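Okay, so here's the structure we're looking at.
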Amino acid sequence: MIEHSNVSILCTSTPLVAGADCGGSATRVVVATPDGRIVGRGRAGAGNPVARPPADAAAALVAAVREALAGRDPARVAGAVVALAGRSALDRPAAAACYADAWRATGLHCPLRTVGDAVAAFAAGTPARSGTVLIAGTGAVAVRIVEHSVGHTVDGLGWLLGDEGGGFWLGLEAARLTARALTAGRDVSGPLVDAVSTAVRGAAAPTGDPTGDGFVTAFYTLPRHRVAGLAPLVLDAVRAGDPDAHRLIGTAADRLAATVRAVAPGAGPLVLAGGLLTGPPEIRTALLARLNRPATIAGDPAEAAAWLAARDLTPTAAEHRAFVTPHRADPVTAPSAP
């Protein structure tokens, strides 16, 4: 993929496409030409209209679009695809109105086309029209994609009801293990317990109590994103050889593998997406060993959304690889098909 930041190389009449990935932690937008040249990128705050007020999520989309356009005429954008976590919120008239107003505020004249974030996550790993995507970030969900639309979905039920194997689940399990260890009344020092205990006490209001009870009191003051933020400590502890951390990673991989297997079977590739599966290799290595099948690791879903927008404009748009930078995975975590 060739990326250009110098707008002088493009004719001012060249049409553009836009792709957006609006997730629970950030909103990212890519503006490109239909042949796959990325000409602008923008980033703003969280964009999930279920997890935050729809007006705030829509405002983040506006900010990211404006940054990606960087002074270019919005009227040049001939097509756009917005991949939205929490897309079901737009079924509510008030939320839909927020997005309609926000879209007009961007100056774009093309229609607002929204898809579920799973559609863009799948397209970030493959040009195939159908297959399965497993997303494990803060939450966790597996989705059967059929002709670039959402089919059968498993989990994705949120932090109280599901998302098993995701970042919040892993952080909560690490905190549970730490609380039980600290209240056992014995020496429980170890990489995972020490790291989680320090992180929780540091993120919460000081209790002045170094005991297990003090940890529990501190933990219950944490917001949800701080709980999910404990997940990387589990990965760090695995690298330090902590057996408790190894067991947690194995359990997370078991839960994620079960989620994938519960999706309605069908032809097509499996794509792994989300920070837990595209970042450090520990969980995806364990997962792939349990699934015993090849998988593609997703690249940038905002780039994939721009590719989908280009394909909407013309079937002769540039190939997938012109838009989406492939994920550079090590060969252990992305095995070849047998």
- Scan of the chain for trypsin sites (Lys or Arg not before Pro) in DSSP loops with at most 14 other beta-carbon atoms within 10 Å gives a longest site-free stretch of 187-327
- Item | Cα pair distances exceeding 20 angstrom across segment 263-327, given as percent | 41 percent
- Item | Length-normalised contact order of the chain in % [C-alpha pairs under 8 Å, at least 6 apart] | 20 percent
- Run a plain Debye calculation on segment 156-278 (Cα atoms as equal point scatterers, no solvent) and give log10 I(q)/I(0) at q = 0.11, 0.14, 0.22 Å⁻¹, rounded to two decimals, same order as the q list. -0.41, -0.62, -1.29
- Distribution of pairwise C-alpha distances over the chain, 10 Å bins, in %: 6, 25, 29, 23, 13, 4, 1, 0
- Heavy atoms only, probe 1.4 Å: what % of the accessible area of segment 44-137 goes to carbon and sulfur, would you let me know? 57 percent
- What accessible area per residue, rounded to a whole number of Å², is obtained for segment 268-319 using a probe radius of 1.4 Å? 35 Å²
- Item | Rounded to whole Hz, the Karplus (6.51, -1.76, 1.60) HN-Hα couplings of segment 93-100, x for glycine and proline | x, 5, 5, 4, 5, 4, 6, 4
- Item | CD proxy at 222 nm, helix term only [per DSSP H run n ≥ 4: -39500 (n - 2.57); per residue of the chain; nearest 500] | -12500 deg cm²/dmol
- Task: Keeping all protein chains in place, calculate the accessible area per residue for segment 1-153 (probe 1.4 angstrom), answer in Å².
- Result: 40 Å²
- Task: Determine ³J(HN,Hα), in whole Hz, for all residues of segment 189-202 in sequence, where each value follows from phi through the Karplus function 6.51 cos²θ - 1.76 cosθ + 1.60 and θ = phi - 60°; x replaces Gly and Pro.
- Result: 4, x, x, 6, 4, 4, 5, 5, 4, 5, 5, 5, 5, x
- Item | Backbone HN-Hα couplings from phi across segment 169-174 [Karplus 6.51/-1.76/1.60, Hz, Gly and Pro as x] | 4, 5, x, 5, 5, 5
- Among beta bridges that DSSP assigns inside the chain, antiparallel share in %, nearest 5: 55 percent
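The values are calculated or read from the model by the stated rules, or taken from the named source; none is laboratory data. Computed from a predicted model, the values in this text were never measured in an experiment. Cβ coordinates were reconstructed from backbone atoms using ideal geometry, including for glycine residues, and neighbour counts include every protein chain displayed. All accessible areas refer to the heavy atoms of the entire protein, side chains included, with ligands and DNA or RNA removed. Shrake-Rupley method; radii C 1.70, N 1.55, O 1.52, S 1.80 Å.
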